[in-house]
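As structure tokens, the structure follows; a few thoughts come after it.
The values are calculated or read from the model by the stated rules, or taken from the named source; none is laboratory data. Being a predicted model, the structure only gives us computed values, none of them experimental. Here Cβ is always computed from backbone atoms with ideal geometry, including for glycine, and neighbour counts include all displayed protein chains. Accessible surface is based on the protein model in full, side chains and every heavy atom, while ligands, DNA and RNA are left aside. Shrake-Rupley method; radii C 1.70, N 1.55, O 1.52, S 1.80 Å.
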Amino acid sequence: MADTSGIAPRETMELLSRQVGGRQNVGFTNVDYKNYLRSKRTIRMKTGDTSGVLEYLQRMQSNDPNFFYAIQVDEDDLITNIFWDDARMMVDCDYFGDVVSFDTTHRKNKDGRPFAMFVGVNNHRKTVIFGASLLYDETSETYMWLFDTFAETMSGKKPKCIFTDQDEAMAKALTSQWPESCHRLCIWHMFQNAAKHLSHEFHKFNDFTKFFNKCVYNYEDEEEFTDAWKKMLAKYDLNNNVSLNTLFSLREKWALVYGRDNFCAEMTTTQRSENLNSVIKKYISYKYDLVLFFEHFQRMVEARRYNELAMEFKASQSYPAMTFPVKIISEGII
């Protein structure tokens, strides 16, 4: 991908102007033109959606000068990927962004356009959102742009640890753009993939699941883990199993024995992202156009922040209860 940061060329401005219904509706800043996707897109945003989304983003930025949005376009200068966050998300990321969960399982519309969020856990152990994006596809190029853009909004700060599903394009982008971040695979997704590719083994051997679970969770020492894995393969004659050998090659990303030295905020899965996706479904419908999608997403964000504010107030007005007997010895004052 070519870096096109800086003032957009005249041709780009003309094409975008026609797409959104007038040059006055473009409203892109220099940072918005970070990269082009060097490929044409067969699924295009409707003209009404495009102009409406731009107007919404500009309105949010006028209300919050720290509101940030970035847009990526293809070689025809048509909008493909959008990322946005606000001042509160940036502050939350500054405080709690050492560990991030990233997930793209939610789909905005019937075309399958992925909606992705960067989320973490705050001091109340509740899920907080650090940034959101509406993507065209799930290629490594798209993820590279997204990870770069996210880090840019956070003044270059990158998470120390990030949890994702077992997606090759995502892994490639993380290795390229965030090599210093510890990349952990969601254990739940790993089990789902294992159950899919090893369904015969799981059904054939009654105690295979027990041995597999022990390899994932039970070992404190790397050598013990490796020995247990080899014994499992030998016991069930699975030394040549392609799925298990591939999984073992990724062991440092999912086996807990390799993650104990990394701060993970007690996360082992992308469950927080997925739970948030279920909440989003209460606010967002496939029937909504893009503008309503953005507006209802913001409603969800504000509702969660109100609940967080209530927790902060409660915490400031109370003290944690002691859960163990305490013997108080009174001493006389001389």
request  = Can you send over the solvent-accessible area of Ser181, 1.4 Å probe, protein chains only, in Å² to the nearest 10?
outcome  = 10 Å²
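Ranked highest first by average number of other Cβ atoms within 10 Å, how do 89-98, 297-306, 201-210 line up? Kindly include the intermediate steps, with their values, before the conclusion.
Values: 89-98: 18.7, 297-306: 14.8, 201-210: 13.1.
Per-residue mean Cβ counts within 10 Å order the peptides as 89-98, 297-306, 201-210.
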query = Which percent of the accessible heavy-atom area of the stretch 140-264 goes to carbon and sulfur, probe 1.4 angstrom?
reply = 47 percent
task = Over 26 Å between C-alpha atoms is what I'm after, so list which of Lys158/Lys210; Lys126/Lys160; Lys172/Lys210; Lys158/Lys253; Lys172/Lys231; Lys157/Lys214 land there.
result = Lys158/Lys210; Lys172/Lys210; Lys172/Lys231; Lys157/Lys214
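Using the Cα gyration tensor of the stretch 86-173, with a ≥ b ≥ c the square roots of its eigenvalues, what is the shape: rounded (a/c below 1.5), prolate (a/b larger than b/c) or oblate (neither)?
Working: a/c = 1.72, a/b = 1.50, b/c = 1.15.
Note, shape of the stretch 86-173 comes out prolate.
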note = Nearest-0.05 FRET efficiency for Asp94 and Leu238 at R0 = 51 Å, using Cβ-Cβ distance, is 0.65
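Sorted by accessible area with a 1.4 angstrom probe, largest first, how do Cys161, Cys182 fall?
Accessible-area ranking of Cys161, Cys182, largest first: Cys182, Cys161.
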message = So, taking all protein chains as they sit and a 1.4 Å probe, how much accessible area belongs to Phe150, in Å² rounded to tens?
response = 0 Å²
message = Can you sort Glu180, Glu308 by solvent-accessible area, 1.4 Å probe, largest first?
response = Glu180, Glu308
ask   = Top to bottom by accessible area (1.4 Å), largest first, where do Arg251, Arg88, Arg113 land?
value = Arg88, Arg251, Arg113
